[in-house]
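The values are calculated or read from the model by the stated rules, or taken from the named source; none is laboratory data. The structure displayed is predicted, hence computed values, not measured ones. Note that each Cβ is placed from the backbone with ideal geometry, even for glycine, and that neighbours are counted across all protein chains shown. Surface areas here come from the heavy atoms of the whole protein model, side chains and all, with no ligands, DNA or RNA. Shrake-Rupley method; radii C 1.70, N 1.55, O 1.52, S 1.80 Å.
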Amino acid sequence: MSRTTVVAALAAGVLLVAGCSSDEPAPAPSSSGGAATADAGQDHDYTVEGFASSVLGDGTLDDLEDVGSASGEIEGGQVEAQIVSVVADAAGTELVVVLRGDDTGSPSRWSESRGVFTDVRGVEVVDEAAGWRLQPYTILDVSGESDLGCACSEFPYRLGEDGTVVQALLPPLTEGTTSVTVALPGLEPVPGVAVTWR
Amino acid sequence: MQTRPRRTPRWPVALLAAAALTLPTAPAHAAAAPEPGSTVDVAGVDVPVHGTFSLRAAGNASRDLVRGAVHGVRRVEGGTAVYLSLGLPASASRSLPLSSIFTRSRDYESSALAAVTLVDRPGMTAYVPLRGGDAAPYSSDVSEFRALKPGELVVLWAVFPELPAGTRTVDVLVGDARAAVTGVPVEDGALEPVADDLVPQAGEGWPKIAEGDALAGAEAPWSVRPLVQHRGSVDEVTDVAETAEEVDATLAADVLFDKSSATLTAASQDAIARLAADIAARGTGEVRVVGHTDSDGSDSSNQTLSEQRAAAVVAALQPASGTAVTFVAEGRGESEPVAPNTSPENMQLNRRVTVSYQVQEATR
């Protein structure tokens, strides 16, 4: 979507918001956020402060999509996974998940499920057409001998109700795949997750 | 050659401003972040936004949410510059040390921004920041900037090795948490204008980066890392780990063979056929087939069984694998477990046959 379209949509959002009293986040400009209005008279899209506000948001993850979910007890604690997106292109597949759980003040669960690694490399996206379970890329050291880490997020050290985004970069899906099963260690697989192609 | 970021018309902004001014009851929420791929004018500075990310410092969900954006992956003389910004929401109660997001690495100068990675998935290569700067790191000098303040979006940078000419997009992993922004286009030239501040806020100009002669001391080859692609078959018979040069396939012996047998089962045929087809399509040189067992039984019987199983797999693969490869069969018995033989699940993992082969570059 071009910025022109975005800003036009933003304007439409303002018009809609005016007619309601919802507290839900809306793409409306504000005196404090100042995004598109505060400096418009000087022909800039944003002030420095307004741009920062637009990127930094309100400190929550409430604006993220939900295309699937799973929950269950893992190692004695409740864990909820909100699948935000499965985005595919010729280069590969990106999985985005928000993990939530009770903040017990102790390190997060999955210490057994995740094995010896501290990252989320145990996630899988199942490409039924190709017959493969896609897993995150890993990175070797310069010698090509030792595992240096994963092209995926570190597992959250502590979970909480506010959630933490974890991501994983995986191999390409079969072209045209419209939905996949997402498997998260310790939780039931989530079938029918819509794929967004770009 | 330097390419200016794409600009877009400003008339919708005026429309938005007019709409907002006539709507005094609109709630005080911040505007949405710019869409990925857009360029916006921030106080007179063109600011490309290729994607946004979020992370929690130290992986701790009780900490304030850090958000940021990737503004550019730019080819510069002698390297590739990455520009990103990040900060805390204005509502955050306190500042956040940068070191809780970018842990220092012993491999780098103490003031270097080390925890940023570029991933080129089609090229099967990852890149970490250049190191070797004698006078200053090849990145934002984090010793000059210690903490994020609420409401400020500060711009950081790091220089990586030169990317291959054919690399058009990369993924950027940010911080110890490895928050990802994917599909960032690789463009030409450092971002301008250059700010006076070493660590400016987004919209105040861009930090001056190291390029050209300033990168003379860089150990570029050290910063280039092989990427490994992983996948497992849906029938859970085959697991594949693949680099740009080599494929390592692991076949589950429990499906290939009956217990203590070296005769392939009917259930093994699909996996064998699929592997042979891949070898025929792109394999080159020597195909190494190695049998492994768990720790049940004597060393000698396990050694023999592993050799027989490797030979059986070679006999099945070879006829359908073309003429560009040769085969070698080995048995390692129980000597190379991938997991401790302390549970049935682990012992099952150890009962396996591995098949390794080089791939022709043109087939990637």
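State whether the residues of segment A:28-49 include one that is of a type in the set (D, E, K, R) and at pLDDT 90 or above. So far as segment A:28-49 goes, yes, one or more of its residues are of a type in the set (D, E, K, R) and at pLDDT 90 or above.
For residues that are among the β-branched types (Val, Ile, Thr) and under 20 Å from A:Val166 (Cβ atoms), scanning just segment B:31-89, find the one that is farthest from the other protein chains (Cβ to nearest Cβ).
B:Val70
Determine, yes or no, whether B:Arg131 is open to solvent by 30 Å² or more (accessible area, probe 1.4 Å), in contact with an Asp or Glu (Cβ under 7 Å, 6 or more places away or on another chain) and farther than 30 Å from B:Ser93 by Cβ. Don't jump to the end; show me each part of the working.
Values: open to solvent by 30 Å² or more (accessible area, probe 1.4 Å): yes; in contact with an Asp or Glu (Cβ under 7 Å, 6 or more places away or on another chain): yes; farther than 30 Å from B:Ser93 by Cβ: yes.
When the stated conditions are applied, B:Arg131 passes them.
With respect to (1) open to solvent by less than 20 Å² (accessible area, probe 1.4 Å); (2) in contact with a Lys or Arg (Cβ under 6 Å, 6 or more places away or on another chain), the lone exception for B:Leu227 is condition (2).
Considering each of B:Ala220, B:Ala241, B:Ala180 in turn, give the residue that is within 13 Å of another protein chain (Cβ to nearest Cβ), surrounded by fewer than 21 Cβ atoms within 10 Å (Cβ to Cβ) and under 25 Å from A:Pro189 (Cα atoms). Give the derivation first.
Numbers: B:Ala220 fails: under 25 Å from A:Pro189 (Cα atoms); B:Ala180 fails: surrounded by fewer than 21 Cβ atoms within 10 Å (Cβ to Cβ).
After applying the criteria, what remains is B:Ala241.
A single entry from B:Gln303, B:Gln360 fulfils the requirement of being polar (S, T, N, Q) and surrounded by 17 or more Cβ atoms within 10 Å (Cβ to Cβ): B:Gln303.
Taken as a whole, the structure leaves B:Leu113 outside the set of residues that are open to solvent by less than 10 Å² (accessible area, probe 1.4 Å), more than 7 Å from chain A (Cβ to nearest Cβ) and part of a strand (DSSP E or B). Looking only at residues in segment A:128-144 that are within 19 Å of A:Ala91 (Cβ to Cβ) and more than 8 Å from chain B (Cβ to nearest Cβ), which one is least open to solvent (accessible area, probe 1.4 Å)? Among residues in segment A:128-144 that are within 19 Å of A:Ala91 (Cβ to Cβ) and more than 8 Å from chain B (Cβ to nearest Cβ), the one least open to solvent (accessible area, probe 1.4 Å) is A:Ala130. Within segment B:320-339, at least one residue is open to solvent by less than 50 Å² (accessible area, probe 1.4 Å), modelled with pLDDT under 95 and among the hydrophobic types (A, V, I, L, M, F, W, C). In summary, A:Asp62 fulfils each of the numbered conditions (1) exposed (fewer than 15 other Cβ atoms within 10 Å of the Cβ); (2) at the interface with chain B (Cβ under 7 Å from one of its Cβ atoms); (3) not aliphatic (A, V, I, L, M) with the single exception of condition (2).
When B:Asp270 is tested against the conditions (1) away from every other protein chain (no Cβ under 14 Å); (2) over 28 Å from the mean Cα position of the chain (by Cα); (3) at pLDDT below 95, the lone failure is (1). Can B:Gly175 be described as open to solvent by less than 10 Å² (accessible area, probe 1.4 Å), at pLDDT 90 or above, assigned by TED's automatic domain parsing to the domain that holds B:Ala43 and not aliphatic (A, V, I, L, M)? In short, yes. Quick one: B:Pro207 ticks every box in (1) more than 13 Å from chain A (Cβ to nearest Cβ); (2) at pLDDT below 95 except a single one, so which number is it? That leaves (2) as the condition not met.
Only one of B:Leu118, B:Leu98 is under 16 Å from B:Ala177 (Cα atoms), of a type in the set (A, V, I, L, M, F, W, C) and away from chain A (no Cβ under 11 Å). Can you tell me which?
B:Leu98
Could you look through segment A:145-178, keep only residues that are open to solvent by 60 Å² or more (accessible area, probe 1.4 Å) and closer than 20 Å to A:Ser69 by Cα, and pick out the one that is farthest from the other protein chains (Cβ to nearest Cβ)? Here the residue is A:Thr178.
Each row is one residue, and each column tells you yes or no for (1) without any contact (Cβ under 8 Å) to a residue 12 or more places away in the chain; (2) under 21 Å from B:Val255 (Cβ atoms); (3) in a helix (DSSP H, G or I).
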residue: B:Ile279; (1), (2), (3): no, yes, yes
residue: B:Val290; (1), (2), (3): no, yes, no
residue: B:Ala311; (1), (2), (3): no, yes, yes
residue: B:Val314; (1), (2), (3): no, yes, yes
residue: B:Glu336; (1), (2), (3): no, yes, no
residue: B:Glu345; (1), (2), (3): yes, yes, yes
residue: B:Gln348; (1), (2), (3): no, yes, yes
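Listed by position, the strands (runs of 3 or more DSSP E) inside segment B:1-91 whose residues that are modelled with pLDDT under 50 number at least 1 form an empty set.
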